[in-house]
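These notes are about the structure you will find just below.
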Amino acid sequence: MAADVVARIQLTAAWHNSNLNRPGCMESVEVWIEDDGTPRGLAKWGYADVISWPHQAISWAAGPIAEAKIRGIDPWRCLEESDDYDMLMHYAERGVADPEEAFREGSRIVEECWPDMEKLAGYLQEHPKASFEPISKLLDLPNRRPIYSEHTRPDTDRRRHGAFAVNPVRAAT
C-alpha cells in the first residue's frame, strides 16, 4: 500500500506539473492483516486532484512492482497475478492505458522512490491508518522535488488518449 500512496503522490504532481504536497490526491490510507495472514490495504483517494487514465494505470502497476521487489520475484508476474492487472487491462482494452508504459513508469517510481516507500511502510506498521497530513510530514513533501518534470512526465502527448485524457470518474462526482 505504501507504493500505491507514493506513486499516487508522484503522479498527481506530474499530472498537475506541481509540487508533491497536494492534499487533494488522497484522503486516507489504512492497512491490516487478514485472519489468514494476508496483508491488505485500502486507500481513499481524494479526487480533487484528478489524474489521467494513463497515470492511474501507472499507479496500479507500482504496487505489485514494489511487492515483487520485496518478495524477490518477477515484477511482471506479480503484476499479472494482482487485482490491479485486471483494472489495467480493462482500460488498456478501451485504449486509454498502455500496460507497457504503466510497467515502465511504475518500475521507475519504485526504483526512484524506494526509500520513501520503505519509510511509509514502516510508519503504517505503527499507525495502521493515516491521512495525508502525517504522510506529508513523514515524507517531507513540501520540501521534496517530484521525480517528474513538465518534460519527463508520462503521457505528455495528450492526443494519444484524446477525450479520455482526464479520468471521467471526476466528471461524475
If amide hydrogens are placed 1.01 Å from N in the peptide plane, which non-local residues have theirs closer than 5 Å to the one on Met26? Gly46
Take the eigenvalues of the Cα gyration tensor for the stretch 59-117, scale each by 5, and report the square roots as semi-axes in whole Å, largest first. 20, 13, 8
So for the chain, averaging the separation of alpha carbon pairs under 8 Å that are six or more residues apart and normalising by length, what relative contact order in percent results? 33
Efficiency of FRET between His151 and Ile73 - r from beta-carbon atoms, R0 30 angstrom, step 0.05: 0.35
If one builds a Gaussian network model of the chain from Cα atoms under 10 Å apart, the most fluctuating residue listed among His16, His90, His151 is His151
Of the listed values (1) 144; (2) 115; (3) 124, identify the label whose number matches volume of the Cα convex hull per residue in Å³ calculated from this model. (2)
Calculated diffusion of the stretch 33-132, Stokes-Einstein form, Kirkwood radius summed over Cα pairs, 10 °C and 1.306 mPa s, µm²/s: 109
Straight-line reach from Lys69: which lysines fall under 25 Å, measuring Cα to Cα and dropping same-chain residues less than 8 apart? Lys44, Lys119, Lys129
Inter-part distance where the stretch 130-151 and the stretch 54-73 are each reduced to a Cα centre, Å: 19
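Tell me the Kirkwood hydrodynamic radius of the stretch 95-155 in angstroms, computed as one over the mean inverse distance between distinct C-alpha pairs. Let's see the in-between values first.
Working: mean 1/r = 0.0742 Å⁻¹.
Kirkwood radius, the stretch 95-155: 13.5 Å.
Only the coordinates and a few stated rules stand behind these numbers; no lab work does. Given the structure is predicted, the values throughout are model-derived calculations rather than measurements. Neighbour counts run over all protein chains shown; Cβ positions are idealised from the backbone, glycine included.
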